[in-house]
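I have placed the structure first, in the form of structure tokens, so that the comments after it can refer back to it.
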Amino acid sequence: MKSNRSTLLLATLALFAPVLHAADSKPNIVHIVADDLGFKDVGFNGATDIQTPNLDALAKGGAKFSQFYVQPMCTPTRAALMTGRYPFRYGLQTIVIPGPAGYGLDTTEFLLPQCLKDAGYATAIIGKWHLGHADTKFWPKQRGFDYQYGAMIGELDYYTHSDAGVLDWFRNNKPVKEKGYTTQLIGADAVKYINGQDAKKPFYLYLTFNAPHTPYQAPQDYVDRYKSIEDPTRRTYAGMVACLDDEIGKVVAALDKKGLRENTLIIFHSDNGGTKNAMFAGQMADLSKTKIPCDNGPWRDGKGSLFEGGCRVVACANWPGKIKPQTVDGIMHAVDIYPTLAALASADTKKCKPLDGLNVWDTIAEGKPSPRSEVIYNVEPFRGAVRQGDWKLIWRSLIPTSVDLFNLAEDPYEKNNVAAAHADKVAALQERINALGKESAKAQALVYVAGVGLAHGKPNMASENGKNPVKADGDGHSITDDGIGETETAPAQH
């Protein structure tokens with residue numbers, strides 16, 4: 001009798017095993033994105049003056065990536081993450097969406113949160129969006145996120161939550177006026193969100209801190225941790241990174257306390273390389289005479305650049321028991337996040353436009369060779385860059401033109417331009433960039449800038465006495481109105 005009961009129990013367990021496995025196969029996903037974080041500004045990539053114990057623990061217990069690529073600037077990377085497609089395909093390949101601009105991420109794109117939501121996920125964005133703000137049709141609540149909290153634009157004061165006097169802080173599309181440092185507010189809201197989740201329903205949390213982007217601001221107690229750092233800007237920046245690390249630690253602790261950690265995948269990376277050029281450091285303050293504090297380690301240049309320092313970023317992933325602790329050297333790109341997460345969630349991607357991303361889960365989890373052999377750094381009307389295997393070409397097409405060719409296996413730090421010695425390789429990679437250029441949508445940023453710059457307005461005319469310019473008499477038409485070089489004259493008298 002006992003034997004029969006045992007057999008029956010085993011049979012019952014076997015019957016329900018597929019169901020249990022199916023539930024377990026839909027992990028919670030916490031996707032954390034830092035803003036302008038230098039490659040070497042975390043302990044697990046060699047920082048000695050900034051302490052990041054929580055990020056270091058995630059990297060040590062999971063996969064640390066040595067070749068994780070993104071776009072060279074914020075908006076393009078975030079677009080790539082949300083679409084699984086390179087941003088040149090829908091016009092977001094050039095710079096970021098400026099505050100005064102009215103455009104955003106093409107609403108015909110089927111975004112990652114929409115895909116995961118169809119697969120039964122609760123979806124949330126807590127933090128920075130920067131994919132369209134002037135029209136609510138571009139906002140995250142309209143693009144597949146059940147819950148939204150944070151900023152819509154790219155740069156804001158950490159304490160007033162505003163730019164140029166305009167509030168940029170929202171919860172579920174409604175403006176929020178509250179006190180606090182944005183990094184800590186974002187972290188606290190993420191903890192609150194996790195505490196409110198139903199363990200029976202998987203969730204996707206896109207946790208997008210604006211730290212350590214400019215303006216360089218940090219709570220005084222965090223700055224005081226780094227009195228040993230002589231440079232004041234680096235000291236403040238270190239405080240910003242430390243605060244970011246503490247908030248990520250609180251998020252991980254909340255997952256543990258809720259009993260969700262074992263079935264939660266955490267992915268962490270920066271949106272682009274750390275800033276090295278003041279031109280890309282934001283517009284809220286003049287940093288032209290400031291020593292920019294970011295450290296990209298051995299990689300050349302930084303944010304805004306097509307060199308490795310602009311696009312090869314700090315990154316790691318952790319999922320207890322599912323990701324093997326190791327350094328992963330396989331090539332991955334931001335566009336790969338979409339199909340990889342969709343596969344883990346058993347989500348259908350048929351509604352997507354053709355994806356550029358590849359499922360790189362085996363590379364992440366086990367360090368297997370990556371299916372990706374090509375990286376498109378960017379394709380713009382004035383420049384482009386592509387990597388195929390170990391060969392990388394950067395082509396600037398504006399006069400004076402320039403071509404840089406590197407073999408990254410032999411020269412990972414891009415010190416030796418070997419274009420002159422490999423004309424065939426240069427030609428082949430230029431042909432690839434040209435072909436992609438023909439597939440590209442018009443860069444919306446350039447259309448916007450041209451519209452603003454070429455719009456007919458009042459001339460900024462100097463005057464000899466330093467006063468206002470002299471006003472003209474009459475209502476004559478200018479050549480820009482009529483396209484001719486004569487002003488309108490009064491009819492002849494007969």
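Tell me yes or no: at least one residue of segment 195-212 is part of a helix (DSSP H, G or I) and in contact (Cβ under 8 Å) with a residue 60 or more places away in the chain.
The answer is yes, given that some residue of segment 195-212 is part of a helix (DSSP H, G or I) and in contact (Cβ under 8 Å) with a residue 60 or more places away in the chain.
The rows are residues; the columns are (1) without any contact (Cβ under 8 Å) to a residue 12 or more places away in the chain; (2) out of contact with any strand residue (DSSP E or B) (no Cβ under 9 Å at 6 or more places or on another chain).
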site	(1), (2)
396	no, no
399	yes, yes
402	yes, no
411	yes, yes
416	yes, no
419	no, no
431	yes, yes
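Anything in segment 215-265 that is part of a helix (DSSP H, G or I), among the aliphatic types (A, V, I, L, M) and more than 19 Å from residue 182 (Cβ to Cβ)? List them, or say none.
Within segment 215-265, the subset part of a helix (DSSP H, G or I) is 220-224, 232-258, 261-263.
The next check asks that each one be among the aliphatic types (A, V, I, L, M); those that pass are 223, 238, 240-242, 244, 248, 251-255.
Hits for segment 215-265 are 252, 253, 255.
For the condition modelled with pLDDT of 95 or more, touching a Pro at 6+ places or on another chain (Cβ under 9 Å), more than 17 Å from residue 155 (Cβ to Cβ) and assigned to a loop (DSSP other than H, G, I, E, B), what is the one hit in 102, 91, 120? Spell out the reasoning first.
Working: 102 fails: touching a Pro at 6+ places or on another chain (Cβ under 9 Å); 91 fails: touching a Pro at 6+ places or on another chain (Cβ under 9 Å).
Going through 102, 91, 120 in turn, the sole match is 120.
Does any residue of segment 266-281 turn out to be part of a helix (DSSP H, G or I) and surrounded by 19 or more Cβ atoms within 10 Å (Cβ to Cβ)? Explain how you work it out, then say what you get.
Within segment 266-281, the subset part of a helix (DSSP H, G or I) is 278-280.
Now restrict to residues that are surrounded by 19 or more Cβ atoms within 10 Å (Cβ to Cβ): 280.
Yes, segment 266-281 contains at least one residue that is part of a helix (DSSP H, G or I) and surrounded by 19 or more Cβ atoms within 10 Å (Cβ to Cβ).
Residues in segment 267-281: is at least one β-branched (Val, Ile, Thr) and at pLDDT 95 or above? Spell out how you get there, then give the answer.
If we filter segment 267-281 for residues that are β-branched (Val, Ile, Thr), which is where we start, we get 267, 275.
Going one step further and asking which of them are at pLDDT 95 or above, we end up with 267, 275.
Within segment 267-281 (the criterion being β-branched (Val, Ile, Thr) and at pLDDT 95 or above), the answer is yes, since at least one residue qualifies.
Scan 385, 419, 443, 409 and give me the residue that is within 27 Å of residue 302 (Cβ to Cβ), in contact with a Gly (Cβ under 7 Å, 6 or more places away or on another chain) and at pLDDT 95 or above.
Being within 27 Å of residue 302 (Cβ to Cβ), in contact with a Gly (Cβ under 7 Å, 6 or more places away or on another chain) and at pLDDT 95 or above holds for just one of 385, 419, 443, 409, which is 443.
Taking segment 134-152 as the region of interest, how many residues are crowded, with 22+ Cβ neighbours inside 10 Å and either assigned to a loop (DSSP other than H, G, I, E, B) or without any contact (Cβ under 8 Å) to a residue 24 or more places away in the chain (or both)?
4
Could you please give the count of residues in segment 165-194 that are in a loop (DSSP other than H, G, I, E, B) and over 29 Å from residue 109 (Cβ atoms)? Steps first, answer last, please.
As a first pass, look at segment 165-194 and keep what is in a loop (DSSP other than H, G, I, E, B): 165, 168-169, 172-173, 176-181.
Filter once more, keeping what is over 29 Å from residue 109 (Cβ atoms): 165, 177-181.
The number of residues fulfilling the criteria is 6.
Please identify the pairs in which a residue from segment 340-364 that is at negative phi and loosely packed, with under 14 Cβ neighbours inside 10 Å has its Cβ atom under 9 Å from the Cβ atom of a residue that is modelled with pLDDT of 95 or more and basic (Lys, Arg), counting only partners at least 6 apart or on another chain.
From segment 340-364, the pairs are 354/85; 354/89.
State the number of residues belonging to segment 72-88 that are within 23 Å of residue 362 (Cα to Cα) and either without any contact (Cβ under 8 Å) to a residue 12 or more places away in the chain or part of a loop (DSSP other than H, G, I, E, B) (or both).
Residues meeting the conditions: 3.
Every residue in segment 368-389 that is over 18 Å from residue 91 (Cβ atoms) and surrounded by 17 or more Cβ atoms within 10 Å (Cβ to Cβ), please. Outline the logic, then answer.
Within segment 368-389, the first condition is being over 18 Å from residue 91 (Cβ atoms), and the residues that meet it are 368-375, 385-389.
370, 372, 375, 385, 386, 387 - these are the residues of segment 368-389 that are over 18 Å from residue 91 (Cβ atoms) and surrounded by 17 or more Cβ atoms within 10 Å (Cβ to Cβ).
Going through 139, 169 one at a time, which residue ends up being within 18 Å of residue 212 (Cα to Cα) and either of a type in the set (Ser, Thr, Tyr) or assigned by TED's automatic domain parsing to the domain that holds residue 183 (or both)?
Details: 139 fails: within 18 Å of residue 212 (Cα to Cα).
Sole residue among the options that is within 18 Å of residue 212 (Cα to Cα) and either of a type in the set (Ser, Thr, Tyr) or assigned by TED's automatic domain parsing to the domain that holds residue 183 (or both): 169.
Restricting segment 234-278 to residues that are basic (Lys, Arg) and farther than 15 Å from residue 214 by Cα, which is nearest to the chain's Cα centre (by Cα)?
Our first condition is that a residue be basic (Lys, Arg); within segment 234-278, this holds for 234-235, 250, 257-258, 261, 276.
Filter again for farther than 15 Å from residue 214 by Cα, leaving 250, 257-258, 261.
On the way: 250: 22, 257: 29, 258: 28, 261: 25 Å.
Across segment 234-278, the extreme among qualifying residues is 250.
Please go through segment 181-204 and give me each residue that is at pLDDT 95 or above, more than 24 Å from the chain's Cα centre (by Cα) and among the small types (Gly, Ala, Ser), ordered by number.
196
Can you work out which of the residues in segment 459-481 that are small (Gly, Ala, Ser) and surrounded by 10 or more Cβ atoms within 10 Å (Cβ to Cβ) is modelled with the lowest pLDDT? Lay out the reasoning, then the answer.
Kept after step one, since they are small (Gly, Ala, Ser), are these residues of segment 459-481: 462-463, 466, 472, 474, 476, 478.
Checking the rest, the ones that are also surrounded by 10 or more Cβ atoms within 10 Å (Cβ to Cβ) come to 476, 478.
Details: 476: 53, 478: 45.
Among those that are small (Gly, Ala, Ser) and surrounded by 10 or more Cβ atoms within 10 Å (Cβ to Cβ), it is 478.
Among the residues of segment 298-315, is there at least one that is part of a strand (DSSP E or B) and at pLDDT 95 or above? Step through it out loud before you land on a result.
Here is the first cut: in segment 298-315, the residues part of a strand (DSSP E or B) are 312, 315.
After this cut, where a residue has to be at pLDDT 95 or above as well, the list is 312, 315.
Yes, that holds for at least one residue.
The values are calculated or read from the model by the stated rules, or taken from the named source; none is laboratory data. Just so we're clear, the structure is a prediction, and the values are computed from it rather than from any experiment. Because the Cβ atoms are built from the backbone with ideal geometry, glycine has one as well, and the counts that use them run over all protein chains shown.
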